[in-house]
Structure formats: C-alpha cells, structure tokens
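Novice: Just passing along the structure, written as structure tokens.
The values are calculated or read from the model by the stated rules, or taken from the named source; none is laboratory data. Given the structure is predicted, the values throughout are model-derived calculations rather than measurements. A quick note on method: Cβ atoms are made from the backbone with ideal geometry, for glycine too, and the neighbour counts reach across all protein chains shown.
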Amino acid sequence: MKPIYLTATCLAALVLATGAQADVTPEQVWADWQAEADRWEQTLTADSSGREGDSLVLRGLRTVQNQDGTRVEGTIDRIALRDMGDGRVEITGSADYPMTVTTSGTEESDPMTMSVLMTQQDMRTVASGDPGAVRYDMTAPRILIKINEVTEADGTVVPFEATVTANYVTANWVGGARTGSGKASTVDLTMDGESEGVRQSLDYEMTDVSISAAGDSDRMVGPAGQFIGQSAFAYAASTFRADLVQEGRTLNVAGESGAGTMNVVSTETSMDWESTVEDAVLHLTGDAVPGPIELQMESATSLFTLPLSEGEERQKMRMSVSLTDVVASETTWSLFDPRKALPRDPANLTMEMSGEGVFSEDPALAGPLSLVLEKLHLQLAGAELSGKGEAKLESAPANPDGTPAAPTVRDGTLNLTLKGGQGLIDAGVKAGLVPEAQALGARMMLGMFARPVEGQKDTVTSTIRMQDGQLTVNGQRLQ
C-alpha cells in the first residue's frame, strides 16, 4: 500500500524523502518533487513552468494518485520556488488547494466522491541543507482542511461536513532521513452530519499540539499500510462537545482534559501503540439521560502490541489498560443513590494481558492462541475484584456469512478474588438498585461457586477451569 499525500504543506511535502545538492536550486526542487511522485506511483504535472526573475514559477499544478480503488486529484494555481541567493529556496503558493477524492466502494462501503478544500494562507517553506538530507522549515498562520461535499454514486448528497483548522503552525522535516516534527498553537476539528436517522455534531479542540515522526528510509510503508518507524503526538489540553439527536431525543456530551500523548512504533510485522490522558472530565446532559451526569478521571493509559503480518511463525501480542481515580459528582450519585448507601470511593481499573499465536484471516491457517491474564484489579463502590489466568484458544470455522468466528477456549484457568462482594450487594439493596429477590440469588451464587478466605472478612475466591471441554468452578462441573 502506498500513502496518498494530503498534507498541510501542500505539494512541498513531496520532497520529504528527496536528495539534493548542497546549494539547492529551484529547478532541483521541482525535479525532486517529480521524482518522488514517480516513486509513489503518483503523477505530478504543471501546465507551465519557467523563470520569472529569481523564481521558478509553476502554474496549473496537478497531482493524481490511484490506490486500492481510491483516486485523489488535486490542483494548485501557482507555486513559486524562489532562489534566495544563499543556497536556499523559498516555497510559496496559492492559498487554495482543492482536491477530489473518489472511491470505488468495498464490501463495507458504497462508492462516493468527496470535495475537499485545503486553505493555507501565507504559508512559507524554506529548503536548505546538504545533499541527500535537505531540511525544510515551514510556517503558516493558519491551515484549514474542509470536506465541502460528499456525494454517492447515484448523485445523492450525503449530509456531512468536516473541518480541521490548525493555527500558528510550524514544521520541519529532513528529506532522505524521513524525520520531521511540527507544532500548532491550536487544532480544532468540527463535524456535522446525519446517518441512519441520527443527527450528529462534534467540536473538538486541542492546544499546544506537537507531532514528530522518524521513518525507515528504505521501507516507509509496511504490508498492512502502516508507517514504518516511530511517531509521537501530544497536546497540553483539550475540550470537546458532541450532540446527538434521534427521534426527538437528545444527548449532549461535553468534556475537557489535561495533557495527552500517543506514541507509535511500527515495524513490518508489528506495532506498539501507547496513549495517555490526564485530568479528564465528562458531562452528559439531555433527555436521553435521567439527569446531568459528571465523571472525572485522574488519568488513563493504554498500551497495545499487535501483530501486523500473517505467517507460520508465532507472534506476540500485548494489552494493558489503566483507569485511575474515576469519580462521579454528588449530583450524579444522587440520581442513582440518593440514600448514600453506596461508598463514594474512586473507581480504579488495571488490566494486563499478553498472548502469542499464529495469526491469519483464514481460520484454516491460524494456529492456537495462548493468552495470559497477568493482572486484573477493579475497585468499585467499596468492592475489589482481582484475578490472574491463562488460556489456550483454537480458531473456529467461519460463520455462515463468511465473517470470522470467535476462537473457542480449549483449556484454561482463571483465578479470581472478590473482597466486599456481600457488602456491595447489601448496599445495592439499600440504595434501591437491586431487588431483594435478585440479591438473594446473587448471595446463593457466591455461596455455591466461591470459597471464603479464612481470616479475611467478606472475601471469597474462585478457580474457573476449562479442560477437555469441561467447565468447572472450584471443582464443581458446570459443563
């Protein structure tokens, strides 16, 4: 798979991996853009090109790329490559960069055409550096990308608009080395549309945004379409608001957060993905909820290691999720527990899993998958659940409609410990959330399938085991 360039640096981004002479000239920059476009099987042409004083002026620039059933065409009226007289080239151009994206459709989506406009008023890029490692420095007070119209194959206009606006943008990258970074004072994403009877709108803004990337100079894109290398994304704070309307009922979601990060490291066979967010707040209002709901969270982290290639060799995977100090406002609690029967302790969740197996979309080629639950720890309303386990799974035949079926557990063991379970049931009854009859059933289940821990109040354990098709809990066969 080859990347389609829809970058904020307009056609100047085509030089991302280009070699050059120490004293780069406008003609060399233009030739390098064309060579780079050929490398990615794109076409880059100009209606005319010629010197006007110290500048090489390109008029009627047009880019075209066809990739996996998607065609992208873009045009720019004018780009000037000015020789600065010191071995550098200044790149400026028309403010508007209109594009048309046409998809042929897949099994999951219908063919459609999108009209996209990139506006980059007063953008300025300077090329400099050594042969094979040209550095590009870009500044722009504002970059805006807007999806103006989406049209289906039969001419039906899809009610959808989206805009991304970046303010006070600076960026730099080095050709050949495929490294670069950028910053923006704010990035704002807005969307508005309707799908399957649901009207949706979103406004999401981040402040002090930064991004960086360092790619493999020989293998920029892997077999699964992933960027091969390292990339990082961070922001200092964010706010968002989403509104949904369906059949006259509304749900308004708003929130804010402190700092957030995302780091990705990809090779040809795997991807490591890690994200964090701090000091998040979520507000829910509207007639789709019983009343105003507010949740706060000190931090959230997630980490995934995922295999990206198929083969006969076993590959590793990993997942880790952590939610720290999740609390609800007293107004929120009063909606569900006005009697204050439930403890208001912060909720916490930690889950860590790892696995290994032979991965393939074809069930006949996929091998057994081994999973290990290294850690499970949940604290909620005064109760605490912890556990560890492991399991071996086998791939199952595809579903009748051809979609992959969930793997089946061949054998495995899960060890759980619950503290405060009886107290949570009692509090649920007192709060009016759990009917007494259901509470009685829950207590009976705990008595049947959990063993008290000697010397520890309201603490039970269970060992759940699957072996040779038999399911047992603490030695009692259930299946």
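Novice: Suppose the filter is farther than 27 Å from Asp243 by Cβ and either of a type in the set (Gly, Ala, Ser) or touching a residue at least 40 places away in the same chain (Cβ under 8 Å) (or both); does Glu352 pass it?
Specialist: So Glu352 fails the test.
Novice: Take the residues in the range 22-33 that are in a loop (DSSP other than H, G, I, E, B) and among the aliphatic types (A, V, I, L, M); name whichever of them is surrounded by the fewest Cβ atoms within 10 Å (Cβ to Cβ).
Specialist: Going through the qualifying residues, I end up with Ala22.
Novice: Right, here's the next one. In the range 245-301, which residue that is assigned to a strand (DSSP E or B) and charged (D, E, K, R) is nearest to Arg344 (Cα to Cα)?
Specialist: Glu294
Novice: Is it the case that the range 327-339 has a residue that's part of a strand (DSSP E or B) and touching a residue at least 24 places away in the same chain (Cβ under 8 Å)?
Specialist: Yes, that holds for at least one residue.
Novice: Return yes when Ser217 is under 29 Å from Glu294 (Cβ atoms), out of contact with any Phe, Trp or Tyr (no Cβ under 6 Å at 6 or more places or on another chain) and at pLDDT below 85 and no when it is not.
Specialist: no
Novice: Which residue is surrounded by the fewest Cβ atoms within 10 Å (Cβ to Cβ), if the candidates are limited to the range 451-478 and must be hydrophobic (A, V, I, L, M, F, W, C) and within 42 Å of the chain's Cα centre (by Cα)?
Specialist: So the residue we want is Leu478.
Novice: Sticking with this one: Could you list, in sequence order, the residues of the range 34-74 that are surrounded by fewer than 15 Cβ atoms within 10 Å (Cβ to Cβ), among the basic types (Lys, Arg) and part of a strand (DSSP E or B)?
Specialist: If the condition is that a residue be surrounded by fewer than 15 Cβ atoms within 10 Å (Cβ to Cβ), among the basic types (Lys, Arg) and part of a strand (DSSP E or B), then Arg51, Arg62 are the ones that fit.
Novice: Restricting attention to the range 139-197, report how many residues are part of a strand (DSSP E or B), closer than 24 Å to Glu247 by Cα and among the acidic types (Asp, Glu).
Specialist: 3
Novice: On to the next question. Which numbered condition trips up Ser354, out of (1) at pLDDT 90 or above; (2) loosely packed, with under 15 Cβ neighbours inside 10 Å?
Specialist: So Ser354 meets the others, but not (2).
Novice: Grab the strands (runs of 3 or more DSSP E) fully contained in the range 400-479, keeping just those with 3 or more residues being of a type in the set (D, E, K, R).
Specialist: In the range 400-479, the matching strands (runs of 3 or more DSSP E) lie at 408-419.
Novice: Okay, moving on. Any residue at all in the range 302-312 that's in a strand (DSSP E or B), among the charged types (D, E, K, R) and either crowded, with 16+ Cβ neighbours inside 10 Å or within 23 Å of the chain's Cα centre (by Cα) (or both)?
Specialist: The answer is no, given that none of the residues of the range 302-312 is in a strand (DSSP E or B), among the charged types (D, E, K, R) and either crowded, with 16+ Cβ neighbours inside 10 Å or within 23 Å of the chain's Cα centre (by Cα) (or both).
Novice: Could I ask something else about it? Please enumerate the residues belonging to the range 75-100 that are assigned to a strand (DSSP E or B) and in contact (Cβ under 8 Å) with a residue 40 or more places away in the chain. Before you say what the answer is, go through the steps one by one.
Specialist: So the first thing to find is which residues in the range 75-100 are assigned to a strand (DSSP E or B), and the list is 75-83, 89-93, 96-100.
Hits for the range 75-100 are Ile76, Ile79, Leu81, Arg82, Asp83, Val89, Ile91, Gly93, Tyr97, Met99.
This table checks each residue for (1) touching a Leu at 6+ places or on another chain (Cβ under 9 Å); (2) closer than 27 Å to Gly355 by Cβ; (3) among the hydrophobic types (A, V, I, L, M, F, W, C).
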{"site": "Gly412", "(1), (2), (3)": "yes, yes, no"}
{"site": "Gln422", "(1), (2), (3)": "yes, no, no"}
{"site": "Ala427", "(1), (2), (3)": "yes, no, yes"}
{"site": "Pro435", "(1), (2), (3)": "no, no, no"}
{"site": "Lys457", "(1), (2), (3)": "no, no, no"}
{"site": "Thr461", "(1), (2), (3)": "yes, yes, no"}
{"site": "Asn474", "(1), (2), (3)": "no, yes, no"}
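Novice: Hey, among the residues in the range 375-385 that are under 15 Å from Leu323 (Cβ atoms) and either touching a Phe, Trp or Tyr at 6+ places or on another chain (Cβ under 8 Å) or not aliphatic (A, V, I, L, M) (or both), which one's surrounded by the most Cβ atoms within 10 Å (Cβ to Cβ)?
Specialist: So, considering only residues that are under 15 Å from Leu323 (Cβ atoms) and either touching a Phe, Trp or Tyr at 6+ places or on another chain (Cβ under 8 Å) or not aliphatic (A, V, I, L, M) (or both), the one surrounded by the most Cβ atoms within 10 Å (Cβ to Cβ) is Gln379.
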